[in-house]
1. Test of understanding: ordering Glu177, Glu72, Glu284 by Cβ neighbours within 10 Å, fewest first, what list do you get?
2. With a point put 7 Å past each Cα toward its Cβ, work out how far Asp135 is from Ala100 in nm, to one decimal.
3. Only Cα pairs under 8 Å and at least 6 apart count here; give the relative contact order of the stretch 11-296 as a rounded whole percent.
4. Can you list residues whose amide H is under 5 Å from Phe187's amide H, if they're 5+ apart or on another chain and H is modeled 1.01 Å from N?
5. What distance in nm lies between label points placed 7 Å from Cα along the C-beta direction at Lys119 and Asp42?
6. Which cross-chain or sequence-distant (5 or more) residues have an amide H under 5 Å from the amide H of Glu63, H modelled 1.01 Å from N in plane?
7. Taking neighbour Cβ counts within 10 Å as the exposure measure, how do Ser165, Ser10 sort from fewest upward?
8. At q = 0.13, 0.19, 0.21, 0.29 Å⁻¹, work out log10 I(q)/I(0) for the stretch 52-121 with the Debye formula, treating every Cα as an identical point scatterer and leaving solvent out; two decimals please.
Amino acid sequence: MPDGGTRTGSRYQLADKAVWRVGYGAMQLAGDGVFGPPRDRDEAIAVLRAAVDAGVDHIDTAEYYGPGVVNELIRDALHPYPGGLALVSKVAARRDDSGAVLPYDDPDQLRAGIHDNLKTLGVERLTAVNLRVMDNGAPDARFVDQLGALMTARDEGLIGGIGISNVSREHLMRALEITEIVCVQNFFNLAARQGTPILDECNARDIAFVPFCPLGHPRTQRDAILSNRVVTRVAAAHDASAPQVALAWLLAIAPNVLLIPGTRTRAHLAENLAAGDLWLDDREIARLNREFDWHMSFEPPAIKHDKD
Ligand SMILES: NC(=O)c1ccc[n+]([C@@H]2O[C@H](COP(=O)([O-])OP(=O)(O)OC[C@H]3O[C@@H](n4cnc5c(N)ncnc54)[C@H](OP(=O)(O)O)[C@@H]3O)[C@@H](O)[C@H]2O)c1
């Protein structure tokens, strides 16, 4: 990655660490359905080491990926961790024996979730932890109590900063009345821009915005993005790939966007990291926006708690 200065290849502050704008999301490293052991453990370990070797200093994870599987892979591959590495996790869910994703989001459960992450990752402190809101409700008294659990953990030094995930702009504004928020992690990509108001709010306040499923979800949406004629034409003009264009578009639309694309392979990892060097001009951004405007007339696909 370039040494700062460009629009796409610069660093951005995430809690107490300045990280590269292209990081890595580790969710895909678990077995199918983000459940159980990886298909190829050696490759999973190799992907994590290759990411850090390439300069990645922001890795996103969760104890409920596996469960426990992804955090243990990260620890096995990377512990003792490089000093500048931001490990960011999320709490509020758990898995049952069948792999179902269940809420685990009472304040005491959130606290237990943070401790589980610290234990499986083998650290005393996480750079940030996201409160992954599990329902579509308004930011009510329960949301405030949940934030309280993360504030206590931050006061105790267990986490460097508090993030919120799967939230509306109203959640963000309510949270900011109570405490500092360092990142928002929401579903967002070329074909799913319903979260633009919260992205803009984060940008205005210098809060990192971390889009999940940056290449699209479900599979049909990802295929629609990656095979789109404007995406592939822009890619060809830069001798780049369609996924790189989808990622570079995200980097270009706002300086506070931090990417965590997920993959199980070193080949896709290298391709995704190289998106940090791809500069799309304003005309290309406008063409891509116009092309995907029609998607916005449809409802966004339901996200089923991190399961592909
Ligand atoms: N807060 C939340 O609720 C939440 C929800 C979902 C995800 N997340 C986080 O966000 C991260 C990213 O999301 P994600 O992994 O679901 O979605 P993603 O990054 O959009 O893409 C994942 C899928 O795209 C494929 N892919 C990746 N790079 C590719 C490339 N260069 N060319 C072709 N295909 C490629 C992967 O397959 P291969 O393995 O074959 O590359 C995988 O199937 C996750 O790892 C997780 O940390 C958070």
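All of the numbers you see were taken from the coordinates with simple rules; none came from a lab. Owing to the predicted nature of the structure, the values given are computational and were not obtained by experimental measurement. Here Cβ is always computed from backbone atoms with ideal geometry, including for glycine, and neighbour counts include all displayed protein chains.
1. On the way: Glu177 8, Glu72 16, Glu284 19.
Arranged by neighbour count, lowest to highest, Glu177, Glu72, Glu284 become Glu177, Glu72, Glu284.
2. 1.7
3. On the way: 535 pairs, mean separation 52.1, N = 286.
Over the stretch 11-296, the number comes to 18 percent.
4. Residues meeting the amide H criterion: Asn166, Phe212.
5. Modelled inter-label distance: 3.2 nm.
6. Excluding prolines and chain starts, which carry no amide H, the hits are Lys90.
7. Arranged by neighbour count, lowest to highest, Ser165, Ser10 become Ser10, Ser165.
8. Values returned for q = 0.13, 0.19, 0.21, 0.29 Å⁻¹ are -0.39, -0.75, -0.87, -1.33.
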